[in-house]
Structure formats: structure tokens, C-alpha cells
Amino acid sequence: MMLRPAILDCDTGIDDALAIMLAVRSKELRLLGVTTTSGNVSLDLVCRNTAYVLELVGAGGRVPVIPGASKPLMRAAHHETHVHGDDGLGGAYDGDGSEAAGIDAGVARAADFIVEQVLAAPGEVTLIFTGPLTNLAHALMKCPDLPRHVRELVFMGGAVRTGGNVTPSAEYNMYADPEAAKLVFHSGMRMTMVGLDVTNPTLLTPEHIGRLRGNPAGEFVYRCTKAYLERAEELNSGYGDGFSMHDPLTVGIAIDRTLARTGSYYVDIETRSELNDGRTVCDFLGKWGKEPNMDVCLEVDSDRFLEHFVRTIGELSS
């Protein structure tokens, strides 16, 4: 079977780390590289964490880490250490920094890498974004014709029927860089939104994690989610006892679109609102009279995805 080429762009916190593990171990994707952006933690920590996780799953040196934006397009960086911990990995990082040797986070190359890889294989590369959309916005400014050559963008972000997780109405990735999201939304690229409506209730439970333990990857999942699970009631907004798989689910849907039921709608984002900055607004009823610009995930087969995740990570040898 021909593997689909993909680029994963992330701001490696806990769920990004699990998404990287799933993407690397996927039997459907060929990961061309992981581009990084400031988000959950600073760019230097994101690069270090990304390299650490790639080493953990045996992809260090094989899958390149390409540094990107150190801040949003127009705003100051907003990190989420409250959720992800000071190290970005829930306290699970136990490396010495050598994993990131040779990665210069001061040289932003992600946008160029995205453009080069997409233009080298027109219509073939899937972009999977699990952090703010800053690097893709930079790529679009460098190459306005890029959307015509991308196979598809699958991004984690937004909320259309539920509330936000940073403000009452805004999801973190959209809130962190709404100007970048607006540029991407209006680019004409084929895209799928994997928002809080489907990621919040997709919970990796202690039972799932117990099944994973016994190999280094499973032990890492246990360690990095442990502090989160101890505060699950606070962090999950009533969804239950588990870790919301925002970013791994995004990779899962990029792999298998049948996991989600989607609808095609026009979606825009607030960038100048005192109360609703970063809110994604979905025109369900066609009030604006505009053509849909993305597929929006509305329902998900969480159980099937979680079984896929546990099975895939569990196959890693000890």
C-alpha cells in the first residue's frame, strides 16, 4: 500500500506528543517532517520535546524536526503551562537536551519546508496541524498558490457547538493566533476542522493507559498524562475521567475519515472582539450566503479511535 506523504505541525505539549507517536507508527502515513511552532510552550521547548518523542518511538534522525514561528503573527505568545506543565510534557521529560542537538530554534524554516514539500509533490501532501496555524499562514504569504497544491489540511482547532477551553467561546489554538487562522480559513485550501465538539469527549481513560503500560512508549503515556488525570474534573469541563485526545484524534481523522461525521460549512473567526477573540463562527443555516470553506467534524466514533490508538502504541516493542 502506498503511504500518503504528510507534514505534522505541532506545539508539542502532552497531546501533541501522543499525536506524533501515532503519526510515526501509522501504517497509512509517511511523515516527511515535523514542523514546530510556539504554542503550548516556547519554541525551544517545543523543538526539544518533539525531538525527544521522535527518539522515543525510534524515529529520531529519520523524521526531521523543522523549527518555525517563535510567536504568533501579530500577538504576544500565550503558553498553556497550566495544562501541560513547565516542560510541556506533564513532567514526563527526562532527557538531557541532546535529542535536539542541531535544531536551531532561532532559524524559522518551517514555512519554506512546507512550501518545498508541497510543490515537490502537487496534490499529494496532507498537512496535519495540531497547534496554532502560524507556520501555515507564513507559508501562504510566501506562496499564495499553495492551496491549489495541498491535498488537504486537517487541523485541530475551534469549536462550533460547544464552548471554548481558554475563554468561554475560544479554543486554544484559535485563540493563540486568530489572525493566522483567518488567513488560512480564507485561503481556498481544502480543509477539515477537528474541534472541541469531537475532541473533548474523546477520552483516554486510566483503563486505556493501563493497557499500554509495559513498553517505553506506554510508560511515557502514563507519565505525561498522570498529572492531567489527577485534575481531570477541573480540566475536562465535566466530560469525565480521562485525557481529552485533541491532537491524536486529529491525526486519527487524517488517517481515517470514516471516524468522524462531517458537514461542509462556511466558518470564520473573530480577531477583533473584546469578548470573543478566537471564536470560530460556523454558519450552519447559510445566513451569510457564502460557499462552504471547510468540512467540520460534528460527531466521532471515539471508541473506535481509542482502540486504534491503544493498539498502535501497544505494538511498539519494549
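Suppose we filter L136, L127, L119 for residues that are crowded, with 23+ Cβ neighbours inside 10 Å, out of contact with any Pro (no Cβ under 9 Å at 6 or more places or on another chain), modelled with pLDDT of 95 or more and over 23 Å from H78 (Cα atoms); which single one remains?
One residue alone meets the criteria, L127.
Can you list residue pairs whose Cβ atoms sit under 7 Å apart, with the first residue in the stretch 295-308 being within 21 Å of E152 (Cβ to Cβ) and the second being among the aromatic types (F, W, Y)? Count only pairs 6 or more apart in sequence or on different chains.
If the second residue must be among the aromatic types (F, W, Y), the pairs left are V296/Y265.
Tally time: how many residues in the stretch 64-76 are over 17 Å from D96 (Cβ atoms) and surrounded by 20 or more Cβ atoms within 10 Å (Cβ to Cβ)?
If we filter the stretch 64-76 for residues that are over 17 Å from D96 (Cβ atoms), which is where we start, we get 64, 66-76.
Right, trim to surrounded by 20 or more Cβ atoms within 10 Å (Cβ to Cβ) and you get 66-69, 72.
Here the count works out to 5.
Kindly provide the set of residues from the stretch 43-63 that are in a loop (DSSP other than H, G, I, E, B), without any contact (Cβ under 8 Å) to a residue 60 or more places away in the chain and crowded, with 18+ Cβ neighbours inside 10 Å, ordered by number.
A59, V63
Which is more than 18 Å from R161 (Cβ to Cβ) and crowded, with 22+ Cβ neighbours inside 10 Å, of G289, G252?
Only one candidate passes the filter, namely G252.
So, in the stretch 94-141, exactly how many residues are in contact with a strand residue (DSSP E or B) (Cβ under 7 Å, 6 or more places away or on another chain) and either over 19 Å from V184 (Cα atoms) or of a type outside the set (A, V, I, L, M) (or both)?
Total satisfying the criteria: 11.
Criterion first (in contact with a Lys or Arg (Cβ under 7 Å, 6 or more places away or on another chain), among the acidic types (D, E), over 30 Å from S70 (Cβ atoms) and part of a helix (DSSP H, G or I)) does E207 satisfy it?
No, not satisfied.
Residue under question is D283, and the condition is that it be surrounded by 15 or more Cβ atoms within 10 Å (Cβ to Cβ) and either within 18 Å of E171 (Cα to Cα) or touching a residue at least 60 places away in the same chain (Cβ under 8 Å) (or both); does it hold?
For D283, the condition - surrounded by 15 or more Cβ atoms within 10 Å (Cβ to Cβ) and either within 18 Å of E171 (Cα to Cα) or touching a residue at least 60 places away in the same chain (Cβ under 8 Å) (or both) - is met.
Kindly indicate whether any position in the stretch 83-93 is touching a strand residue (DSSP E or B) at 6+ places or on another chain (Cβ under 8 Å) and among the charged types (D, E, K, R).
There is no residue in the stretch 83-93 that is touching a strand residue (DSSP E or B) at 6+ places or on another chain (Cβ under 8 Å) and among the charged types (D, E, K, R).
As an exercise: evaluate D16 against (1) surrounded by fewer than 23 Cβ atoms within 10 Å (Cβ to Cβ); (2) of a type in the set (D, E, K, R); (3) touching a residue at least 40 places away in the same chain (Cβ under 8 Å) and give the number of the one condition it does not meet.
(1)
Would it be correct to say that A170 is modelled with pLDDT of 95 or more, surrounded by 16 or more Cβ atoms within 10 Å (Cβ to Cβ) and more than 14 Å from L133 (Cα to Cα)?
yes
Checking the structure you have, find out if any residue of the stretch 236-249 is buried (at least 16 other Cβ atoms within 10 Å of the Cβ), modelled with pLDDT of 95 or more, more than 22 Å from S169 (Cα to Cα) and in contact with a helix residue (DSSP H, G or I) (Cβ under 6 Å, 6 or more places away or on another chain).
Scanning the stretch 236-249, I find at least one residue that is buried (at least 16 other Cβ atoms within 10 Å of the Cβ), modelled with pLDDT of 95 or more, more than 22 Å from S169 (Cα to Cα) and in contact with a helix residue (DSSP H, G or I) (Cβ under 6 Å, 6 or more places away or on another chain), so the answer is yes.
The values are calculated or read from the model by the stated rules, or taken from the named source; none is laboratory data. Note that the structure is a prediction, hence the values are computed from the model and not measured. Neighbour counts run over all protein chains shown; Cβ positions are idealised from the backbone, glycine included.
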